[in-house]
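Comments concern the structure below.
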Amino acid sequence: MIKKLRKKFIMIAAVSLFSVLAVVVAAINIINNYQLTQNENELLEVIGGSGGRMPDFSGRDDKAPPGGKESSYTDRKNMMRDHKFINEETSYQTRYFVVFYNTSGDITRIDTSHIAAVNGDQAKELAAEALDSGKENGRLGNYRFAFRYDGDEKMTIFLDCRQNNDTRQRFLLISIAISVASWVIVLVLVILFSGRAIRPVIAAHEKQKRFISDASHEIKTPLAIISANTEVLELTSEPNEWTESTKNQIKRLDGLVKDLMRLSRMDESQLRTEFTRFDLSETVSKTAVEFEAPAMTHGESFSLDIDEGIEITGDKDLIAQSVGIFCDNAVKYCDEGGSITVSLKPCHKGIRLAVTNDCRQPPEGDLSRLFDRFYRADEARARNGSGGYGIGLSIAKAAADAHKARIGCSAENGRITFSITFKDQ
């Protein structure tokens with residue numbers, strides 16, 4: 001159990017850290033992409049607002065190109081103040097080209113003087129693709145485009161975004177690499193220190209095991225004495241209802257002690273399991289048929305629906321014990337005059353062993369809690385003191401876990417079913 005707890009602790013820590021890092025990486029990349037996109041859009045606005053030309057923010061050249069608007073030194077300073085990322089070098093770093101149209105939609109001129117990767121013909125092709133897209137702005141390969149108007153003249157501005165695209169890609173790869181490295185480092189630390197983190201749980205579990213072991217051994221002695229005294233009383237006087245009741249309680253306590261010891265050994269992984277290939281159909285039949293007489297005594301019908309020739313690899317005694325626990329539970333808690341069915345069938349997930357009995361009032365809430373130790377549902381698991389101590393189903397669950405099988409409980413249509421599904425073998 002401790003190993004499972006440690007693995008679960010490590011798994012939860014790993015999944016939690018991975019989720020947090022994934023959210024952080026996604027968030028910072030979304031913010032980075034948004035910021036770069038905003039910068040690109042602002043550059044397109046600046047170029048469009050200056051008649052298709054990036055102003056010279058250094059102030060060295062106050063002349064406007066043919067057809068362009070003059071931009072005063074004050075206007076350029078205002079632009080730099082409004083756009084924090086723009087500085088004196090922006091006009092020399094920005095690569096772009098512009099295609100101009102007249103009112104008829106014909107190209108009047110093409111300005112590719114601020115880019116080396118595109119010539120006039122390529123600019124026309126890209127402008128045609130931008131028009132065909134039907135969008136006012138968008139992306140075409142490494143270029144972001146936008147349509148702007150300067151009086152009656154229309155222009156398509158293309159901004160070279162290769163540097164920003166490379167920045168996006170590098171930022172994504174670097175953030176993922178750092179996150180993965182951080183995740184691995186923290187995971188290694190969690191694995192190394194997980195033992196220390198669950199040390200209080202280990203200590204409490206060890207004390208619990210020691211208590212169960214010591215208490216079980218201590219209880220055996222008074223039980224043996226009480227049993228011997230009862231037998232002496234029956235020899236000196238005739239057996240009566242009181243001595244019979246005492247013997248029944250001794251038997252129940254002795255069974256409880258054995259179950260506690262068995263469950264403790266399962267937790268300690270000291271239970272010796274001998275996995276062999278055996279006939280599961282025969283084992284289930286032989287174990288279940290022993291409960292036919294007790295069922296008839298309670299006025300219950302008992303039937304077997306077992307396919308023959310089903311074999312698995314496992315511990316024969318553990319599985320037989322689980323069948324006995326299921327059947328005993330069904331006999332004790334079946335509705336009066338109800339029916340009990342033990343079935344063993346192949347299914348799409350493997351092999352399913354199930355014990356079903358009539359139960360008009362099944363336990364409320366999560367039925368998986370029935371496999372918790374010492375859990376007893378008032379309506380379904382108690383019958384005038386004839387019930388167990390709530391650890392039988394826990395033993396069946398431990399046996400299923402030892403076989404890597406899935407144990408379950410379901411209730412529908414007035415019937416309750418306890419089942420174990422073994423994987424295909």
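Per-residue answers, yes or no, for (1) loosely packed, with under 11 Cβ neighbours inside 10 Å; (2) part of a helix (DSSP H, G or I); (3) modelled with pLDDT of 65 or more; (4) not assigned by TED's automatic domain parsing to the domain that holds Ser245:
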position	(1), (2), (3), (4)
Glu336	yes, no, yes, yes
Lys345	no, no, yes, yes
Ile351	no, no, yes, yes
Thr356	no, no, yes, yes
Gln361	no, no, yes, yes
Arg373	no, no, yes, yes
Ala377	no, no, no, yes
Arg381	no, no, no, yes
Gly385	yes, no, no, yes
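Considering only the range 187-200, I want to know if a residue exists there that is without any contact (Cβ under 8 Å) to a residue 12 or more places away in the chain, within 30 Å of Asn33 (Cβ to Cβ) and under 25 Å from the mean Cα position of the chain (by Cα). Within the range 187-200 (the criterion being without any contact (Cβ under 8 Å) to a residue 12 or more places away in the chain, within 30 Å of Asn33 (Cβ to Cβ) and under 25 Å from the mean Cα position of the chain (by Cα)), the answer is no, since none of the residues qualifies. Residues in the range 106-142 that are under 16 Å from Arg53 (Cβ atoms) and free of Cβ contacts under 8 Å to residues at least 24 places away in the same chain: Ile110, Thr112, Ser113.
Can you tell me which residues in the range 242-278 are hydroxyl-bearing (Ser, Thr, Tyr) and modelled with pLDDT under 65?
Let us first name the residues in the range 242-278 that are hydroxyl-bearing (Ser, Thr, Tyr), namely 243, 245-246, 264, 269, 273, 276.
Correct list: Ser269 only.
Would you confirm whether or not the range 175-183 contains a residue that is surrounded by 15 or more Cβ atoms within 10 Å (Cβ to Cβ) and of a type in the set (Ser, Thr, Tyr)? Looking for residues that are surrounded by 15 or more Cβ atoms within 10 Å (Cβ to Cβ) and of a type in the set (Ser, Thr, Tyr), one finds at least one in the range 175-183, hence yes.
The values are calculated or read from the model by the stated rules, or taken from the named source; none is laboratory data. The model shown is predicted, which means the values in this text are computed figures rather than measured ones. Positions of Cβ are backbone-derived with ideal geometry, glycine not excepted, and every protein chain shown enters the neighbour counts.
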